[in-house]
Amino acid sequence: MDRTKALSIVKEQITEKRYIHTIGVMETAIQLAKEYGADQKKAETSAIFHDYAKFRPLDEMKRIIVEQKFDARLLQFNPELWHAPVGAYLVEKEVGIKDAEILNAIHYHTSGRIGMTLLDKIIYLADYIEPGRNFPGVEEARELAHVNLNKALIYSVRNTIQYLLNRNQTVYPDTVDFYNDLVMKGEDVG
Ligand code: DGI
Ligand code: FE
Ligand code: FE
């Protein structure tokens, strides 16, 4: 889809602040796609729509998770996780995007998963390091992102898990699986 058209669609779904975040994710994702040889257009489209469902009412998101038979455990974990799979579903249904790689990148952009594709990884990381982000560790993640994609991902997901643990929050199993998968593959080496 044409960039201007895609941005105008998503702009109606989210706040101004979230829209600025979305532009940052888009620019970062295109840059990472260039550096790591991914499809730049798919990176652009995935990034533009990644937070499409961020402001949907919780009861609507809950209903979609149940009806679409998404992982039922989601309902036991932080509702911050819900907009990702729900976004993938709504972007297909309401915007008509059918590309499975793009829909997966949106679906897993918050939790991560075992066997992340290159596009999944780029969207996950671009969301984490876009220029508007400002939290402890983001500078290190930004530097690593342009040196070693997998090292940057391990650093980022470790930082997120530590953040959740420090606040006595739960950690969704797919996030732990994502972390373990990268470490077991030795993908932080090199
Ligand atoms: O939608 P964004 O704010 O751009 O970013 P996101 O989709 O990565 O959402 C991240 C939020 O989700 C962050 O505040 C941490 C929170 N969260 C809660 N439980 C989990 C979790 N993130 C992960 N990866 N795993 C969890 O179990
Ligand atoms: Fe998100
Ligand atoms: Fe985001």
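The values are calculated or read from the model by the stated rules, or taken from the named source; none is laboratory data. The structure presented is a predicted model; accordingly, all values stated were derived computationally and were not measured. We place every Cβ from the backbone using ideal geometry, glycine too, and count neighbours over all the protein chains shown. Ligands, DNA and RNA are stripped out before the accessible areas are found, and what is left, the full protein with its side chains, is counted by its heavy atoms. Shrake-Rupley method; radii C 1.70, N 1.55, O 1.52, S 1.80 Å.
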>> Return the residues of the stretch 1-24 that are farther than 17 Å from Ile106 by Cβ and open to solvent by less than 60 Å² (accessible area, probe 1.4 Å); say none if nothing qualifies.
In response: Ser8
> Which residues, taken from the stretch 54-105, are more than 19 Å from Thr170 (Cβ to Cβ), among the aromatic types (Phe, Trp, Tyr) and within 14 Å of ligand 3 (Cβ to nearest atom)?
Replying inline: Phe55
> Any chance the stretch 53-66 includes a residue that's of a type in the set (Phe, Trp, Tyr), out of contact with any His (no Cβ under 7 Å at 6 or more places or on another chain), open to solvent by less than 10 Å² (accessible area, probe 1.4 Å) and within 12 Å of ligand 2 (Cβ to nearest atom)?
Replying inline: no
>> Can you tell me which residue is farthest from ligand 2 (Cβ to nearest atom) among those in the stretch 109-126 that are hydroxyl-bearing (Ser, Thr, Tyr), surrounded by 22 or more Cβ atoms within 10 Å (Cβ to Cβ) and in a loop (DSSP other than H, G, I, E, B)?
In response: Ser111
>> Could you go through the stretch 71-80 and let me know if any residue there is open to solvent by less than 40 Å² (accessible area, probe 1.4 Å) and either within 12 Å of ligand 2 (Cβ to nearest atom) or free of Cβ contacts under 8 Å to residues at least 40 places away in the same chain (or both).
In response: no
>> Condition first: more than 16 Å from ligand 1 (Cβ to nearest atom) and either touching a Pro at 6+ places or on another chain (Cβ under 7 Å) or hydroxyl-bearing (Ser, Thr, Tyr) (or both). Now tell me which residues in the stretch 91-122 satisfy that.
In response: Thr117
>> Taking the condition of being more than 21 Å from Gln13 (Cα to Cα) and either part of a loop (DSSP other than H, G, I, E, B) or not hydrophobic (A, V, I, L, M, F, W, C) (or both), how many residues in the stretch 69-80 meet it?
In response: 7
>> Out of Glu92, Glu27, I need the residue that is under 20 Å from Arg3 (Cα atoms), open to solvent by 20 Å² or more (accessible area, probe 1.4 Å) and more than 16 Å from the chain's Cα centre (by Cα). Which one?
In response: Glu92
> Filtering the stretch 137-190 down to residues that are in a loop (DSSP other than H, G, I, E, B) and among the basic types (Lys, Arg), which residue is farthest from ligand 1 (Cβ to nearest atom)?
Replying inline: Lys185
> Mind checking which pairs have a first residue in the stretch 37-64 that is within 12 Å of ligand 1 (Cβ to nearest atom) and a second that is basic (Lys, Arg), Cβ under 7 Å, 6 or more apart or different chains?
Replying inline: Asp51/Arg18; Lys54/Arg18
